[in-house]
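To start, the structure itself, in structure tokens.
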Amino acid sequence: MTVNVPDDIGKTAEQVAKQAGKSVSALYAEAIEAHVKALRRKQAIEAINSLIGKTYVVPDFDEQLKKMRRESDRDFE
């Protein structure tokens with residue numbers, strides 16, 4: 001894969017990679033990975049925020065959940 005970046009960013013990336021003792025490719029890969037994680041986190045937060053005020057939890061939810069767990073064949077505790 002070839003990626004073109006402005007010269008000033010490329011030079012900065014080379015300096016940062018050298019200081020970190022890694023290749024420029026590894027630095028770019030880490031940056032992309034961090035960006036993707038941040039984007040996914042932002043999207044998840046937006047999805048959760050879109051549900052706020054639209055959901056209802058019954059008052060005895062905890063008790064109902066405990067009952068369902070007791071009746072289940074799986075061990076949750």
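The values are calculated or read from the model by the stated rules, or taken from the named source; none is laboratory data. Worth saying up front: this structure is predicted, and the values here are computed from it rather than measured. FYI the Cβ positions are ideal-geometry reconstructions off the backbone, even for glycines, and counts take in every protein chain you see. Note: areas computed on protein heavy atoms with side chains; ligands, DNA, RNA excluded. Shrake-Rupley method; radii C 1.70, N 1.55, O 1.52, S 1.80 Å.
Given the options Glu14, Glu30, Glu63, which has the most mean-square fluctuation in a GNM of the chain, springs set between C-alpha atoms less than 10 angstrom apart?
Comparing Glu14, Glu30, Glu63 in a Gaussian network model of the chain, the most mobile one is Glu63.
In Å², what does the accessible area per residue of the chain work out to with a 1.4 Å probe? Show your work: numbers first, answer last.
Values: 7340 Å² over 77 residues.
Per residue, the chain has an accessible area of 95 Å².
Helix 24-51: angle to the longest alpha-carbon principal axis of the chain, degrees 0 to 90, nearest 10?
30
Compute the long axis of helix 61-71 from its Cα atoms, compare it with the longest principal axis of the Cα atoms of the chain, and write down the angle in degrees, 0 to 90, nearest 10.
Its long axis makes an angle of about 80 degrees.
Hey, any idea what % of the chain's accessible area is carbon plus sulfur with a 1.4 Å probe?
Carbon and sulfur atoms account for 55 percent of the accessible area of the chain.
With +1 on each Lys and Arg Cβ and -1 on each Asp and Glu Cβ, how big is the dipole of the chain about its Cα centre, in debye rounded to the nearest 20?
Approximately 80 debye in magnitude.
Counting Lys +1, Arg +1, Asp -1, Glu -1, what net charge surrounds Ile48 among other residues with beta carbon under 12 Å of its beta carbon?
Details: positive: Arg41, Lys42, Lys54; negative: Glu46.
Summing Lys and Arg as +1 and Asp and Glu as -1 gives +2.
Rounded to the nearest 10 degrees, what's the angle between the helix 7-20 long axis and the longest principal axis of the chain, both from Cα atoms, 0 to 90?
So the helix axis and the longest Cα principal axis differ by about 70 degrees.
As a check on your grasp of the helix formula, calculate [θ] at 222 nm for the chain: sum -39500 (n - 2.57) over DSSP H runs of n ≥ 4, divide by the residue count, round to the nearest 500.
Dividing the helical sum by the residues of the chain leaves -23000 deg cm²/dmol.
Out of Lys11, Lys66, Lys22, any idea which swings most in a Gaussian network model of the chain, alpha carbons joined below 10 Å?
Comparing Lys11, Lys66, Lys22 in the GNM, the peak value goes to Lys66.
Seen from all sides and averaged, what is the projected area of the convex hull of the Cα atoms in the chain, in nm²?
Working: hull surface 42.8 nm².
Average projection, Cα convex hull of the chain: 10.7 nm².
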